[in-house]
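Read-outs throughout are calculated quantities, based only on the coordinates presented, and are distinct from any laboratory measurement. Since the structure is predicted, the reported quantities are computational estimates derived from the model, not experimental observations. Neighbour counts are summed over all protein chains in view; Cβ atoms, including those assigned to glycine, are modelled from backbone coordinates with ideal geometry.
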Amino acid sequence: MSPCESRCVLQVAVLTTVLWVQTEISAHPAIEQQIHDINRALAAAPADTGLVLRRAELFFQHEQYKAALDDLAAVERIAPGTPDLAYRRAKIYREMKRFDEARILLERHVADHPANAPAQRLLSRTYRDLELFDQAVDAGRKAIESSARPSPDDYLELAAMQRSSGAHPAALKTIEQGISKLGSIITLQLAAIAIEEQTGRFDAALQRIDALKSAGVQEESRLVWRARVLTRSGRAQEARENCLQAKTALLAQAPQRRATPANQELLAEIDSLLSKDTPSNQHRVQRP
Amino acid sequence: MSTIHPRNAPGRGGIFSLLLCLALCSLPASGQILTRSPYLQMGTATSQTVRWRTDLATDSRLQFGLDPDHLSQSADAAAVTTEHSVTISGLLPSTRYYYSVGSSAARLAGGDATHYFFTAPAVAASSAFRVWVLGDAGTAGPSGVNANQTAVRNAYASFNGAQYTNLILMLGDNAYSTGTDAEYQNAVFNMYGGFLRQSNLWSTIGNHDTAHATTIDVDTVPYFSIFSFPTGGEAGGLASGTEKYYAFNIGNVHFVCLDSMTSDRSPGGAMLTWLNADLAANRQKWTVAFWHHPPYSKGSHNSDTESQLIAMRENALPILERYGVDLVLSGHSHSYERSYLIGGHYGSSATWNPATMRRDGGSGQVAGSGAYRKVGNAAQRAVYAVTGSAGQIAGGSLNHPAMFVSLNMLGSMVLDFSGNRLDARFIRETGAVADSFSMIKTDRAMTLGSLQTLLFD
């Protein structure tokens with residue numbers, strides 16, 4: 001394509017999108033204003049692919065996916081070697097739920113950029129949406145490994161995928177890696193406790209709950225978590241003791257704090273657990 | 001306000017040349033210069049992080065003490081870097097420390113009467129302290145100059161006078177238009193430099209701080225490398241494992257920063273799971289939560305129609321109110337909107353029912369209908385303020401029924417905590433106080449007589 005043709009293509013694209021913008025955009029004034037500013041700048045410099053790319057990103061954020069794809073297509077016509085076009089397109093296809101197309105583009109992108117954490121994460125989610133769980137887990141692991149700043153959500157997301165495919169030990173290992181990297185934070189520990197419980201490793205779950213004592217969590221909540229696990233593992237007497245400890249601690253709080261809905265709900269759960277622990281159950285547990 | 005210029009800043013004219021000559025003459029022998037003045041992060045009752053940036057990479061040295069002419073202690077970081085960060089601990093609460101920054105070879109700034117900080121009051125202490133709240137302030141980002149942002153800053157400076165500002169809360173959109181490092185330099189460090197070397201800055205992330213990106217590409221945005229926020233519960237509260245949402249304690253106030261932009265806002269997501277556990281463990285008298293997207297607004301954004309605003313209202317508010325949150329701050333709409341004392345309103349504005357949701361229909365003003373009263377951590381009794389006009393105003397219908405007042409005015413908010421009492425003011429860019437309210441906490445329901453004693457004696 002000649003420079004003149006390229007300019008014509010971009011000018012048509014600019015005009016079309018300006019008209020579209022005026023009729024379609026209203027939900028986000030800040031994005032609308034930025035698109036408006038870019039349109040004005042493009043009128044003076046229609047071959048500025050940087051501006052078109054920026055506008056494509058804004059269209060994407062504004063959920064105007066076709067306009068975003070059109071802008072990317074225009075950039076590709078002008079400058080075929082522009083980096084990350086495949087990645088940008090893939091993000092849009094994912095939002096349009098065109099997962100197969102997104103997958104192809106993302107696989108191509110991560111083959112060239114294996115350490116691109118956001119792209120790996122996006123590919124992982126795309127595999128998940130395509131129900132390709134092994135590939136999803138693999139890409140999710142690579143996303144975490146290549147992320148400069150992994151968050152609890154990253155580990156939880158990967159572990160959830162592993163759990164959904166029945167790989168509980170692997171999910172637990174992922175959570176452990178998160179704890180090792182980020183510290184003993186409540187969100188990861190609760191996920192680990194849930195996995196331990198689900199797999200019948202009640203003592204391991206209890207050990208994790210005990211470890212939370214030094215993490216600053218509310219002691220009454222911690223005792224109730226303990227009681228839940230003990231109840232499910234059939235250790236009714238210990239569960240009862242934990243419930244009673246939690247109830248005593250709650251009732252010892254200042255009246256206004258005890259009266260918060262959260263603590264009232266906790267109290268109700270304690271009473272519920274205690275009521276399940278019938279006298280006959282207690283007798284059975286205490287019997288040698 | 002001090003402004004940092006690059007060593008080789010372009011410029012012509014005799015005055016500039018003279019200034020440049022003077023500046024160069026004052027350079028330390030190493031030739032290294034500050035490209036970002038010292039700013040304070042993660043201050044607690046016993047610790048303080050100081051950050052600064054230089055043109056040349058060196059090690060880092062923070063000297064500090066009780067006398068600016070005799071900084072008797074120092075802390076070093078051996079790593080050679082241009083992004084310097086030194087944390088000191090073992091400090092005394094509510095104490096003024098003077099400091100200087102530099103390297104093992106040279107001092108670059110400080111060691112004078114203007115470089116100091118007060119450590120926070122001890123946790124649970126009832127000491128008074130002041131908070132300056134800036135929402136959507138960063139309009140000087142693109143060019144380095146913005147009359148609105150400057151006027152709001154100057155109005156606060158005049159209002160505040162010589163009083164110490166203990167902390168600055170930024171509610172996101174701190175640097176327009178995409179949160180680049182250069183925009184941060186303009187809109188935050190150059191604009192507020194004089195404050196930032198004395199007061200701790202805390203922030204939540206806004207849509208312009210990530211260039212509107214939501215979940216995928218946000219790890220590398222400058223916001224996260226510019227700021228240091230607690231991930232391991234270093235400043236109080238429960239460890240979150242991320243700088244996107246975190247908690248900290250100052251005196252008897254528990255501050256909770258949430259991320260309405262990039263984190264999972266669903267009830268079972270990591271952020272709200274953490275929030276639930278953090279609030280359950282909280283024993284502070286006051287709880288203040290802040291994030292960018294307002295749960296209630298009819299300003300330049302509409303909380304009835306926009307997803308982030310709806311999600312935070314529907315999912316975060318029930319948790320916060322269950323634990324008795326007192327004040328929720330947000331920005332995003334470029335206006336000032338402040339609610340009555342309300343609770344239990346988690347639907348659209350059409351579902352607002354003053355009979356069941358408005359706990360106090362007064363102004364909250366001591367001189368008017370009286371301060372809002374709250375017994376301890378009573379649930380569903382909070383004030384919600386949108387204060388997103390520290391850099392621009394953008395109108396809107398401004399008619400959310402939960403609001404006591406809605407103003408299309410530039411300004412910032414000031415919070416004064418003292419024991420059982422909170423006084424909040426909205427300071428216009430003109431210096432006028434356009435709104436105020438007070439909240440008083442009691443351990444039990446008060447009689448009218450005891451309340452009058454508390455208010456007027």
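Modelled this way, with points 7 Å down the Cα-to-C-beta line, the labels at B:Ser397 and B:Tyr164 are 4.7 nm from one another. Along chain A, the exposed loop sites are trypsin sites (Lys or Arg not before Pro) outside DSSP states H, G, I, E and B with at most 16 other Cβ atoms within 10 Å, and the longest stretch free of them is A:99-288. Helices in chain A, meaning DSSP H runs of at least 4 residues, each add -39500 (n - 2.57). Divided by all residues, the mean residue ellipticity at 222 nm is -25000 deg cm²/dmol. The overall shape of the protein assembly as shown, judged from the alpha-carbon gyration tensor, is rounded, with an a/c ratio under 1.5. What relative contact order, as a whole-number percentage, does chain A give when Cα pairs under 8 Å and 6 or more residues apart are counted? Rounded, it is 8 percent for chain A.
To the nearest 0.05, how large is the calculated FRET efficiency for B:Thr220 and A:Leu244 if R₀ is 60 Å and r is the Cβ-Cβ distance?
Numbers: r = 51 Å, r/R0 = 0.84.
Calculated value: 0.75.
Computed from phi, the 3J(HN,Hα) profile of the stretch A:187-201 under the Karplus parametrisation 6.51, -1.76, 1.60 (θ = phi - 60°) reads 5, 6, 5, 5, 5, 5, 4, 4, 5, 4, 5, 4, 9, x, 8 Hz, with x in place of Gly and Pro. Calculated FRET efficiency, B:Val145 to B:Leu92, Cβ-Cβ distance, R0 = 45 Å: about 0.65 to the nearest 0.05.
As a rough guide to protection, the peptides B:252-259, B:147-154 ranked by mean Cβ packing within 10 Å, highest first, stand as B:252-259, B:147-154. Residue by residue, the stretch A:45-61 carries 3J(HN,Hα) couplings of 9, x, 9, 7, 5, x, 5, 5, 4, 4, 5, 4, 5, 5, 4, 4, 5 Hz when phi is fed to the Karplus relation 6.51 cos²θ - 1.76 cosθ + 1.60 (θ = phi - 60°); x denotes Gly or Pro. Three semi-axes describe the equivalent ellipsoid of chain B; taken as square roots of 5 times the Cα gyration tensor eigenvalues and ordered largest first, they are 37, 24, 21 Å. Taking the C-alpha atoms only, the angle from helix B:270-281 to the longest principal axis of chain B is near 80 degrees. Take each residue in A:212-224, count the other chain C-beta atoms within 10 Å of its C-beta, and the mean is 3. For B:Thr139, nonlocal amide neighbours, meaning residues 5 or more places apart or on other chains whose placed amide H falls under 5 Å from its own, are B:Tyr176. By the beta-carbon count within 10 Å of each Cβ, the least crowded to most crowded order of A:Leu130, A:Leu206, fewest first, is A:Leu130, A:Leu206. The ranking of B:Phe64, B:Phe224 from fewest to most other beta carbons within 10 Å of each one's beta carbon is B:Phe224, B:Phe64. Contact order, relative form, for chain B: 14 percent (alpha carbon pairs under 8 Å, 6 or more residues apart, mean separation divided by residue count).
Compute the FRET efficiency between A:Ala47 and B:Ala113 as 1/(1 + (r/R0)^6), taking r as their Cβ-Cβ distance and R0 = 56 Å, and round to the nearest 0.05. Walk me through the intermediate numbers first.
Working: r = 55 Å, r/R0 = 0.99.
E between A:Ala47 and B:Ala113, to the nearest 0.05, is 0.50.
Under 1.5 on a/c is rounded, so check that first for the stretch B:94-140, then, if it is not, pick prolate when a/b is larger than b/c and oblate when it is not; a ≥ b ≥ c are the square roots of the alpha carbon gyration tensor eigenvalues.
Judged from the Cα gyration tensor, the stretch B:94-140 comes out oblate (a/c at least 1.5, b/c at or above a/b).
Estimated purely from DSSP H runs of n ≥ 4, each contributing -39500 (n - 2.57), the mean residue ellipticity at 222 nm for chain B is -4500 deg cm²/dmol once divided by its residues.
What is the average number of partner chain Cβ atoms found within 10 Å of a Cβ in B:268-274?
Working: counts 1, 4, 13, 4, 1, 7, 6.
Mean partner shielding for this stretch: 5.
Peptide B:276-283 has a mean shielding of 6, counted as Cβ atoms of other protein chains within 10 Å of each residue's Cβ. Taking the charge dipole of chain A about its Cα centre, with +1 at Lys and Arg Cβ atoms and -1 at Asp and Glu Cβ atoms, the residue from A:Ala43, A:Tyr65, A:Ser147 reaching farthest to the positive side is A:Ser147. A simple spin-label model places the labels of A:Glu219 and A:Lys97 5.1 nm from each other, with each point 7 Å out along Cα-to-Cβ. Shown in residue order for the stretch B:57-68 are the 3J(HN,Hα) couplings computed by the Karplus curve 6.51 cos²θ - 1.76 cosθ + 1.60 at θ = phi - 60°: 7, 9, 6, 10, 9, 10, 9, 8, x, 8, 10, x Hz (x for Gly and Pro).
Between B:Ser94 and B:Thr119, B:Ala120, B:Ala122, the built amide H atoms are under 5 Å apart, and every one of these is 5 or more places off in sequence or on another chain.
Packing around the peptides B:120-128, B:158-166, B:384-392, taken as the average count of other Cβ atoms within 10 Å per residue, puts them in this order, highest first: B:384-392, B:120-128, B:158-166. The lysine pair tally for chain A, using Cα distances under 30 Å and a gap of 8 or more places or different chains, is 14.
Listed from fewest to most Cβ neighbours within 10 Å, the set B:Met191, B:Met261, B:Met409, A:Met161 follows the order B:Met409, A:Met161, B:Met261, B:Met191. For B:Thr442, list long-range residues whose amide hydrogen, built 1.01 Å from N in the peptide plane, is under 5 Å from its own amide hydrogen. Here the answer is B:Lys374, B:Val375, B:Gly376, since their amide H atoms fall under 5 Å of that of B:Thr442.
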